[in-house]
1. Measure nothing fancy, just the Cα-based angle from helix 9-37's long axis to the longest principal axis of the chain, in degrees from 0 to 90, nearest 10.
2. Over the chain, with a Gaussian network built from C-alpha contacts below 10 Å, which listed residue (121, 35, 87) shows the highest mean-square fluctuation?
3. Quote the Stokes-Einstein diffusion coefficient, in whole µm² s⁻¹, for segment 77-155, based on the Kirkwood radius over alpha carbon pairs, a temperature of 4 °C and a viscosity of 1.567 mPa s.
4. Express the Stokes-Einstein translational diffusion coefficient of segment 30-106 in µm² s⁻¹, to the nearest whole number, given a Kirkwood radius over alpha-carbon pairs, 10 °C and a viscosity of 1.306 mPa s.
5. Based on a Kirkwood Rh over C-alpha pairs, give the Stokes-Einstein translational diffusion coefficient of segment 6-74 at 37 °C and viscosity 0.692 mPa s in µm²/s.
6. Could you quote the convex hull projected area for the chain, Cα atoms only and averaged over all directions, in nm²?
7. If each DSSP helix of 4+ residues adds -39,500 (n - 2.57) and the sum is divided by the residues in the chain, what number results at 222 nm, nearest 500 deg cm²/dmol?
8. Could you grab the relative contact order for segment 1-94? Cα pairs under 8 Å, six or more apart, rounded to a whole percent.
């Protein structure tokens with residue numbers, strides 16, 4: 001999975017939903033721009049100026065989302081055969097040397113949100129946890145220095 005760009009089914013659904021949302025907004029915006037353009041002087045026409053700016057933003061994001069949806073591979077954590085090890089989609093509880101616990105879920109780059117405990121599969125912390133079993137101690141190179149974490153629990157979603 002090193003070259004692949006995995007994403008969970010929920011993450012792909014979120015990308016798709018955002019794409020559909022923007023795709024639905026675009027025709028309405030084009031209509032407003034056409035109406036505003038017909039009103040005459042475009043240099044001081046706020047509807048026209050804002051509409052064109054927003055249309056460029058939507059087109060850029062649609063293009064980006066389209067490329068991402070083609071590049072990713074949906075990997076369902078439910079199908080993980082070896083649930084005793086931390087692989088893509090696993091929720092891992094770790095404890096540092098001060099017994100401070102942290103719970104992280106290994107997800108694709110597009111769905112990573114550190115504040116929600118979802119970390120990118122390619123992040124240094126996730127790379128250190130890959131393949132770990134309960135009881136393993138993994139060393140992670142962080143900007144503040146090397147820290148060791150013990151794997152306390154590994155969970156996968158149930159069907």
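Every read-out reported here was derived from the displayed coordinates using simple, explicitly stated rules and does not represent laboratory data. What you see is a predicted model; the values in this text were computed from it and never measured. Cβ sites come from the backbone with ideal geometry, for glycine too, and all protein chains shown count toward neighbours.
1. Roughly 10 degrees between the two axes.
2. 35
3. Details: Rh = 12.5 Å.
Taking Rh from Cα pairs, D becomes 104 µm²/s.
4. Values: Rh = 17.4 Å.
Estimated via Stokes-Einstein, D reaches 91 µm²/s.
5. D, rounded to a whole number, is 245 µm²/s.
6. Numbers: hull surface 50.7 nm².
Average of the hull's projected areas for the chain equals 12.7 nm².
7. Values: 3 runs with 61 residues, N = 159.
Result for the chain, helices only: -13000 deg cm²/dmol.
8. Details: 61 pairs, mean separation 39.6, N = 94.
For segment 1-94, the relative contact order is 42 percent.
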